[in-house]
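Below is one structure, written out as structure tokens; the observations come after it.
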Amino acid sequence: MQNDLLWVYEGLTDYYGNVLTARSGLRTLEQAHDVFAQIAANFEISPGRTWRPLVDTTNQPIMSSHGAAPEGWPTWQRSYDYYPESDLIWLDADTKIRELSGGKKSLDDFAKLFFGIDNGSYVTKTYTFDDLVAALNTVQPFDWAGFLRARVYDVAPQTPENGFTQGGYRLVYNDNQPEWMKHADTSRGTSFATSLGFSLKADGSLNDVVWDSVAFKAGITPDMQLQAVNDQKFSVDGLREVILASEKSNAPIKLLLKRGDEFLTITLDYHGGLRYPHLEKVDGTPDRLDAILAPSK
């Protein structure tokens, strides 16, 4: 097997990992929605999709020596995107099969056909792009070669959200923090990527700055540490409160940052709120997404 199919044997695994977590009850339906919404939101703020096709990210394990080398500006350069972006592509395929078949077929039928071979055998059986397309066409005739090439092999600036649309939902943003995020491990940092455009640790050290974000345009870089917000000592909760308050104020957000021995005051003219991503049901549309996430009968 070659790296260029990692979006199948890693990406499809990632998709079913999220699907089966919901089907088994390890995640609630709302949590499953929010996980998919977060994946899409991360790509909506990632301009790297405007120049680098998804298939090229399958070379990332070679380029970065399996994570040994640091990756700068990942929202522009892209990284191991064949994992999360494949979730959206396979959701698109799953809902498309259900749409075209009138709900009689799904990606599960493809998985049974494609992977359910030589039962009991330990012999590795490789496959090609053409094998993949043939199996999809056996389950539901469609231009699957064109479908996959447009999403994987071509530069695709638009985030692939057809799976939401065909599934009966749309991506929205608001100030309501997802329930799963309230219980997340904060030792790895807290993200304000979809609002101010950076993520940071509890001590204010910046993990990442989103390319072309509000923070990026103001000159904030990942080597900085946030010391204070609006003249008050930095805390994650305090930053959230300031972002919420800025929605009702014309005053900019004032940040005191430290880079080495240098202190810098930077103001952000931002009033857009926390912008947590969620999926919102579209009235009168087929509820295919929840059918995918429902326990198997």
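The values are calculated or read from the model by the stated rules, or taken from the named source; none is laboratory data. None of the values given here were measured: they were computed from a predicted structure. All Cβ positions, glycine included, derive from the backbone under ideal geometry; neighbour counts span all protein chains shown.
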Quiz item: Can you spot a residue in the stretch 60-68 that is touching a helix residue (DSSP H, G or I) at 6+ places or on another chain (Cβ under 6 Å), surrounded by 12 or more Cβ atoms within 10 Å (Cβ to Cβ) and at negative phi?
Solution: no
Quiz item: Is it the case that the stretch 223-235 has a residue that's in contact with a helix residue (DSSP H, G or I) (Cβ under 9 Å, 6 or more places away or on another chain) and either acidic (Asp, Glu) or closer than 20 Å to Gly72 by Cβ (or both)?
Solution: yes
Quiz item: Of all residues in the stretch 166-213, how many are in contact with a Ser or Thr (Cβ under 8 Å, 6 or more places away or on another chain) and of a type in the set (A, V, I, L, M, F, W, C)?
Solution: 10
Exercise. Out of Ala215, Ala202, report the one residue that is touching a Leu at 6+ places or on another chain (Cβ under 6 Å) and either within 16 Å of Ser46 (Cα to Cα) or part of a loop (DSSP other than H, G, I, E, B) (or both).
Key: Ala215
Quiz item: Of all residues in the stretch 200-216, how many are farther than 19 Å from Arg78 by Cα and either surrounded by fewer than 18 Cβ atoms within 10 Å (Cβ to Cβ) or assigned by TED's automatic domain parsing to the domain that holds Thr50 (or both)?
Solution: 4
Practice problem: Look at Asp109 and say whether it is over 17 Å from Gly11 (Cα atoms), in the same structural domain as Ala37 (by TED's automatic domain parsing), of a type in the set (Asp, Glu) and surrounded by fewer than 17 Cβ atoms within 10 Å (Cβ to Cβ). | Solution: no
Quiz item: How many residues, within the stretch 236-258, are free of Cβ contacts under 8 Å to residues at least 12 places away in the same chain and over 14 Å from Ser195 (Cβ atoms)?
Solution: 4
Exercise. Please verify whether the stretch 84-91 includes one or more residues that are at pLDDT 95 or above and over 25 Å from Ala184 (Cα atoms).
Key: yes
Quiz item: Could you say which residue among Ser205, Ser191 is over 30 Å from Ser106 (Cα atoms), under 16 Å from the mean Cα position of the chain (by Cα) and without any contact (Cβ under 8 Å) to a residue 24 or more places away in the chain?
Solution: Ser191
Quiz item: Hey, any hits in the stretch 220-241 for a residue that's of a type in the set (Phe, Trp, Tyr) and under 30 Å from Trp51 (Cα atoms)?
Solution: no
Exercise. Can you give me the ranges of the helices (runs of 4 or more DSSP H) entirely in the stretch 78-188 with at least 1 residues that are under 17 Å from the mean Cα position of the chain (by Cα)?
Key: 84-100, 162-167, 179-182
